[in-house]
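Heads up, the thing below is written out as structure tokens.
The values are calculated or read from the model by the stated rules, or taken from the named source; none is laboratory data. These numbers come from a predicted model, not from an experiment. When we count neighbours, we look across all protein chains shown, and the Cβ atoms used for this are built from the backbone with ideal geometry, even at glycine.
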Amino acid sequence: MPRPERTAAILVAAGRGLRAGAGGPKQYREIGGQTVIFRAMQAFCRHPDIFAVQPVVNPDDAAIFNEAVAGLRHQPPTNGGATRQASVHAGLEALAAEKPDIVLIHDAARPFVTPGVISRAIDAAGRTGAAVPTIPVTDTIKQVSDAGNVEATPERAKLRIAQTPQAFRFDVILDAHRRAAREGRSDFTDDAALAEWTGLTVATFEGDPANMKLTTSEDFIREEARLAAQLGDIRTGTGYDVHAFGDGDHLMLCGVRVPHTRGFLAHSDGDVGLHALVDAILGALADGDIGSHFPPTDPQWKGAASDKFLKYAVDRVTARGGRIANLEVTMICERPKIGPLRDVMRARIAEITGLDISRVAVKATTSERLGFTGREEGIAATASATIRLPWNDKGWGE
Ligand SMILES: Nc1ccn([C@@H]2O[C@H](COP(=O)(O)OP(=O)(O)OP(=O)(O)O)[C@@H](O)[C@H]2O)c(=O)n1
Ligand SMILES: C[C@](O)(CO)[C@H](O)COP(=O)(O)O
């Protein structure tokens, strides 16, 4: 049941990520095969109770931003400022015309936020007006002097680590940011601190230890290893497809239009290479085959471009929390010659699947003029896929 109040989210992504070392702004680097910002933003874009997601970016990053979040629905990005606080303020001003009741403010550098934390943030803001996710502190914390001597040992039971998304009534946090800007205050490291400064009571709700901020290069190394360890269920699948030649002047092969003296007789575009790859991926998922997902009797697939089928299979892997490690396809034909087309085909498959081209192999063989491929009555293709799934994957539960 959707909540009655209108909730928007701001993703602050205008920082330079200097503490994370070389490699460009950290939010545009990959972690677990996806950019940090894509992971962070998709959680908000896909949450059913959020109607608008407002990114805040550095103007220098316009092109990488668009590439990194392609496919996600969001407000036009607005430019951030020199500090996180200034960037949040810019996001709030950009959202004002949308008149949200509640706003969640999230670091693009926290890619592991879950739908559960987002739901708790919305609930907490609805109940309290201002709330921050926290986790307990497990080490003893020392307050030290400039000389490095311990000045105090705060009572640990009262300490919490603050995370994002921090959640507020929209008008209240917008007013607080405007007031801080008017009064020349630009030193707040989070929005809760700024709200406290205006005298507001800020509540807490349960954060998530996994929802950590990627700050240093060590954070990237550790989290990459953690994600890889989670994907410990390594599976392979194989696929095979054949299409006969008919009249025509071109063939679709591995997503590439290849001029030829014949065409394919097929319900779809007849792309045997992509069809074999789809079956290999579905096989690795133990998720039926291409015919069970796209029945040849269904008129909607007549003449369909097969890149749709391949994207669909890749989405099935992603939806199970998995990743494709590699794809390989072997074309069996006398003609056309595949060698000169190999890298174009690899690039096209990489484009469709979102994989790096180094994970895509295209091979070819003739059948020494034997059989139907040897007589040039059609083309066959075999494929294999290696995918990694979370170790506790139980399929779709069918
Ligand atoms: N001027 C700034 C500074 C930070 N941020 C964003 O605020 C979040 C948390 O900040 P932090 O981890 O400090 O990121 P950076 O400022 O990029 O890191 P660094 O201090 O290492 O340069 C990040 O998503 C960052 O992009 C922002 O939008 N505008
Ligand atoms: C907002 C924040 O993520 C809460 O923990 C944090 O304060 C931002 O980090 P920064 O390194 O101070 O920008």
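Applying the selection to region 256-282, what residues are under 27 Å from the mean Cα position of the chain (by Cα) and over 17 Å from Pro336 (Cα atoms)?
Passing the criteria: His275, Ala276, Leu277, Val278, Asp279, Ala280, Ile281, Leu282.
So Arg110 ticks every box in (1) more than 14 Å from ligand 1 (Cβ to nearest atom); (2) surrounded by 22 or more Cβ atoms within 10 Å (Cβ to Cβ); (3) in a loop (DSSP other than H, G, I, E, B) but one. Which box is left unticked?
Against the list (1) more than 14 Å from ligand 1 (Cβ to nearest atom); (2) surrounded by 22 or more Cβ atoms within 10 Å (Cβ to Cβ); (3) in a loop (DSSP other than H, G, I, E, B), Arg110 comes up short only on (1).
From Pro340, Pro336, which residue is closer than 15 Å to Leu253 by Cβ and without any contact (Cβ under 8 Å) to a residue 12 or more places away in the chain?
Pro340
Would you say His47 is in contact (Cβ under 8 Å) with a residue 60 or more places away in the chain, within 28 Å of Gly126 (Cβ to Cβ) and within 14 Å of ligand 1 (Cβ to nearest atom)?
no
Among the listed residues Phe44, Phe38, which satisfies the condition of being of a type in the set (Phe, Trp, Tyr), within 18 Å of the chain's Cα centre (by Cα) and surrounded by 24 or more Cβ atoms within 10 Å (Cβ to Cβ)?
Phe44
Starting from region 154-165, take each residue that is part of a strand (DSSP E or B) and list its partners that are polar (S, T, N, Q) and at pLDDT 95 or above, counting only C-beta distances under 7 angstrom and pairs at least six apart or across chains.
Cβ pairs passing all conditions: Arg160/Thr134; Arg160/Thr204; Ile161/Thr134; Ala162/Thr134.
Mind checking which residues of region 328-365 are more than 25 Å from Arg262 (Cα to Cα) and touching a helix residue (DSSP H, G or I) at 6+ places or on another chain (Cβ under 6 Å)?
Within region 328-365, Ala350, Ile352, Thr353, Ile357, Val360 qualify.
Name the one entry in Ala193, Ala157 that is farther than 22 Å from Phe44 by Cβ, loosely packed, with under 14 Cβ neighbours inside 10 Å and among the aliphatic types (A, V, I, L, M).
Selected residue: Ala157, the only one of Ala193, Ala157 that is farther than 22 Å from Phe44 by Cβ, loosely packed, with under 14 Cβ neighbours inside 10 Å and among the aliphatic types (A, V, I, L, M).
Out of Arg178, Arg226, report the one residue that is over 19 Å from Val53 (Cα atoms), at pLDDT below 95, part of a helix (DSSP H, G or I) and more than 14 Å from ligand 2 (Cβ to nearest atom).
The match here is Arg226.
Residues that are surrounded by fewer than 17 Cβ atoms within 10 Å (Cβ to Cβ), more than 32 Å from the chain's Cα centre (by Cα) and within 16 Å of ligand 1 (Cβ to nearest atom): does region 171-184 have at least one?
Yes - at least one qualifying residue is present in region 171-184.
Using the structure shown, decide if Arg73 is within 16 Å of ligand 2 (Cβ to nearest atom), in the same structural domain as Ala14 (by TED's automatic domain parsing) and among the charged types (D, E, K, R).
In short, no.
Since Gly263 meets every condition but one in (1) in contact (Cβ under 8 Å) with a residue 60 or more places away in the chain; (2) in contact with a Leu (Cβ under 7 Å, 6 or more places away or on another chain), which condition does it not meet?
All conditions are met except number (1).
Can you name the condition, by its number, that Glu218 falls short on among (1) under 25 Å from the mean Cα position of the chain (by Cα); (2) touching a residue at least 12 places away in the same chain (Cβ under 8 Å); (3) within 16 Å of ligand 1 (Cβ to nearest atom)?
(2)
Go through region 182-207 and count every residue that is over 20 Å from Arg127 (Cα atoms) and more than 10 Å from ligand 2 (Cβ to nearest atom).
7
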